[in-house]
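Asker: The structure's right below; bear with me while I get my questions together.
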């Protein structure tokens, strides 16, 4: 049965699971590297596999604009196009329409926006988003939603009605049986709105539920509260996806609160800025203190970058703006998060998650003081 | 014995050989990818090994300026710094001083120049170039020479005296027994000057001889003539290195005229411009004709790029300015040249080089009409 979600162990709200997809099973909790333009920047598919990536996210907004979803369909779909034969998740384009495009006009039917590439005018509706995502052919597709500012109660409440109507239209528009359409719970930082949104979407009996509208400016404590409110409300037997979250401490806190799927540009984006994830934070290799440092980013790290290259060499590559800097730092950062997810899965299986999480989080500032996910 | 050069087969002037170095033997004829800043752009060392690269070139001028040769020495030398445990060749910095730096003043003692990075003033002399190259620690190092315009007889003739005096000073300055110092035959496109230069350098009894000052504006016919003049003059039992040449047809013509070592930025540089080498020329993936082309760059190519990715996908990556475009096209182009070198070696061994070269060159325009190597 496609998209069967099997929970094999739990530890409090945390779950160890397996989600079957047309492109193979996903072990959860899972972190999905982001391949915005049908490539995880600086990584070949084989590099991702070697790092243990199983799920890759691609962006509907970007691929619709360039090279075009119909072209990708005609070339056999996104899996073949980008030569990734594992599971793929596409977002709906909603978040990018609201965050990237210049002029936009939203109405109850959809959104008109201008391309960030050339200023040309385009329109997304729920039906159009689903049609594009069907052309792309990802295993998991997302409903088209509005992403309101999380702290404005009246706006969030009003937006919720629109998002729910769009959810129904997405369900009605969907035709492909080999794709799972996930709902997106909105509602900002407000418990009543989050619960109302969850209740509505549960009525649509979707194969998975995402939590949207977080990591967009609210505090860590607010993010955690939303997850805790939703934990008893969301169905235990469906995968839960926390969108756009990927700071290491957020992953721990998400898993502890029952999240199964994460995605974030953080590890790949900060790599291209010269930053490497280490336990407790990150180091920026532009810093002059690494000029003659012969040690790897992390002597205890098992990634291919730390096996061969010094901080001094990496700093040289960063300062010289060499492509290899992006390759090696992306490799390290993805390894950091993907092996962390592996540690979570092992800890849930062994029943040691609480201890593992507590030890891990002890290296990070308390939530209220923490740096926010990008 | 270090730097022993053993010729195992010949085919006319062409030679199959093995050059022993402190970092292992080199099969010749060999093409060296260029790692200007201690990285072959977009390639990890393991990628280079997988493609069959055995010798990598690095640039003295660039590494002296950034991160500094003393830093690299203190970190264990260039091999450890860039994690390449095979043979490395460094140029002397001469060519870059004459081609890249802004203000320069040449006198009989050396060259004063301004850094292309920050305009700071620096001075290279033969002794300084050798000291820097000893700090870097490559297996093969080059004498510091002047690179005059190849067609100006009087200037080339005058420059030759200086270059020869510098050659003697390089020999005198050299201290490391684990590095082979190659001489560089100059003399522009003039037979008497080339022969005069070769005769002088032969008197220094160097372990290898490079042919410099070509691929800088002269015609293909002139390049071939220089190689043919030098073939009977250069000692048969020493490796011969044609500097800065790497267009496929130039490699064939060089091997046919007795060249053992080549280097060139061409395969890596054109890759970053969206161009892929194919038999008979190159295709530029920016071209709209590849927008929906499902075939690989070359259906008969055995490289990892052609095994998985369509021209349409590569064009998308190029148009979207994705790092993966550089990775995949560099991979293909290096594979093209490195497997061509492998074909040369096999053909010399089997005694079929003439037929192989004739067939290969039939796909390219005649020499006089050919595009010049970059």
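Any read-out appearing in this document is the output of simple, stated calculations on the displayed coordinates, not a laboratory observation. Please read these numbers as outputs of a predicted model, since none were measured by experiment. Virtual Cβ from ideal backbone geometry, glycine too; neighbours counted across all protein chains shown.
Asker: In whole angstrom, how far apart do the alpha carbon centroids of region A:275-325 and region A:78-95 sit?
Answerer: Each part's Cα centre sits 30 Å from the other's.
Asker: Would the protein assembly as shown count as rounded, prolate or oblate if I go by the C-alpha gyration tensor, calling it rounded below 1.5 in a/c and otherwise prolate when a/b exceeds b/c, oblate otherwise?
Answerer: Working: a/c = 2.61, a/b = 2.08, b/c = 1.26.
Note, shape of the protein assembly as shown comes out prolate.
Asker: Consider the operator that turns chain B into chain A: which B residue has a Cβ nearest its axis, and what is that gap in Å?
Answerer: That would be B:323, 3, residue then distance in Å.
Asker: When only Cα pairs under 8 Å and 6 or more residues apart are kept, what is the percent relative contact order across chain B?
Answerer: 17
Asker: Within a 10 angstrom radius of each residue's Cβ in A:310-322, how many Cβ atoms of other chains show up on average? Whole number is fine.
Answerer: The mean count of partner-chain Cβ atoms within 10 Å per residue comes to 5.
Asker: Same structure again: Would you please calculate the Kirkwood hydrodynamic radius of region A:256-315 over all C-alpha pairs and express it in Å, rounded to one decimal?
Answerer: Hydrodynamic radius (Kirkwood, Cα only) of region A:256-315 equals 12.8 Å.
Asker: Let me ask another. Quick one: with label points 7 Å out along Cα→Cβ, list the inter-copy distances for residue A:106 in nm, shortest first?
Answerer: Copy-to-copy label distances for residue A:106: 6.6 nm.
Asker: When each copy gets a label point 7 Å from Cα toward the beta-carbon at residue A:235, what are the spacings between them in nm, shortest first?
Answerer: 8.3
Asker: Can you give the mean number of other chain Cβ atoms that lie within 10 Å of the Cβ atoms in peptide A:39-48?
Answerer: 4
Asker: How many percent of all Cα-Cα pairs in chain B sit more than 32 Å apart?
Answerer: Numbers: 21275 of 69751 pairs.
Of all Cα-Cα distances in chain B, 31 percent exceed 32 Å.
Asker: Quick one: angle between helix A:191-202 and the longest Cα principal axis of chain A, in degrees between 0 and 90, rounded to 10, please.
Answerer: 70
Asker: So, one more: Can you give the three extents of the C-alpha atoms in region A:239-374 along their principal axes, from longest to shortest, in whole Å?
Answerer: 43, 26, 26
Asker: Sticking with this one: Angle check, please: helix B:323-350 long axis (alpha carbons) against the longest principal axis of chain B (alpha carbons), in degrees 0 to 90, nearest 10.
Answerer: 70
Asker: Using the alpha carbon gyration tensor of region B:2-137, what are the three equivalent-ellipsoid semi-axes (square root of 5 times each eigenvalue), largest first, in whole Å?
Answerer: On the way: eigenvalues 170, 66, 38 Å².
In descending order the semi-axes read 29, 18, 14 Å.
Asker: Would you mind calculating the relative contact order of region A:202-244 from Cα pairs under 8 angstrom and at least 6 residues apart, reporting the percent as a whole number?
Answerer: With pairs under 8 Å counted, the relative contact order is 68 percent.
Asker: Give me the number: length gained by fully extending residue A:115 to residue A:202, i.e. 0.36 nm times residue separation minus the C-alpha to C-alpha distance, one decimal in nm.
Answerer: Taking residue A:115 through residue A:202 to full extension adds about 28.0 nm, to one decimal.
Asker: Once you place label points 7 Å from the Cα toward the Cβ at residue A:176 and residue A:158, how far apart are they in nm?
Answerer: Going from the residue A:176 label point to the residue A:158 one covers 3.6 nm.
Asker: A further question follows. When all C-alpha to C-alpha distances in region A:75-121 are sorted into bins of 10 Å, what percent of pairs does each bin hold, rounded to whole numbers?
Answerer: 22, 35, 31, 12
Asker: What FRET efficiency do you get for residue A:107 and residue A:233 if R0 is 30 Å and r is their Cβ-Cβ distance, rounded to the nearest 0.05?
Answerer: With a Förster radius of 30 Å, E is 0.50.
Asker: Taking only DSSP H segments of four or more residues, each worth -39500 (n - 2.57), what value at 222 nm results for the protein assembly as shown once the sum is divided by all its residues, to the nearest 500 deg cm²/dmol?
Answerer: -12000 deg cm²/dmol
Asker: Between residue A:9 and residue B:291, what FRET efficiency follows from the Cβ-Cβ distance if R0 is 51 Å, with the result rounded to 0.05?
Answerer: Details: r = 48 Å, r/R0 = 0.94.
Here the calculated transfer efficiency is 0.60.
Asker: For residue B:280, place a label point 7 Å out from Cα along the Cα→Cβ vector, do the same in each other copy, and report the separations in nm, one decimal, smallest first.
Answerer: Relative to the other copies, residue B:280 has label-point distances of 6.3 nm.
Asker: Please compute, for peptide B:78-87, the average count of beta-carbon atoms on other protein chains lying within 10 Å of each residue's beta-carbon.
Answerer: Neighbouring Cβ atoms belonging to other protein chains average 3 per residue here.
Asker: Shifting gears a bit: Rounding to the nearest 10 and keeping the result within 0 to 90°, find how far the Cα-based axis of helix A:126-136 lies from the longest principal axis of chain A.
Answerer: 50
Asker: Can you tell me the FRET efficiency between residue B:191 and residue B:354 if r is taken as the Cβ-Cβ distance and R0 is 22 Å, rounded to the nearest 0.05?
Answerer: On the way: r = 25 Å, r/R0 = 1.15.
Computed FRET efficiency for residue B:191 and residue B:354 comes out at 0.30.
Asker: Which percent, to the nearest 5, of DSSP beta bridges fully inside the protein assembly as shown are antiparallel?
Answerer: Here the share of antiparallel DSSP bridges comes out near 50 percent.
Asker: Whole angstrom only: what separates the Cα centroid of region A:183-254 from the Cα centroid of region A:2-23?
Answerer: Each part reduced to its Cα centre gives a spacing of 17 Å.
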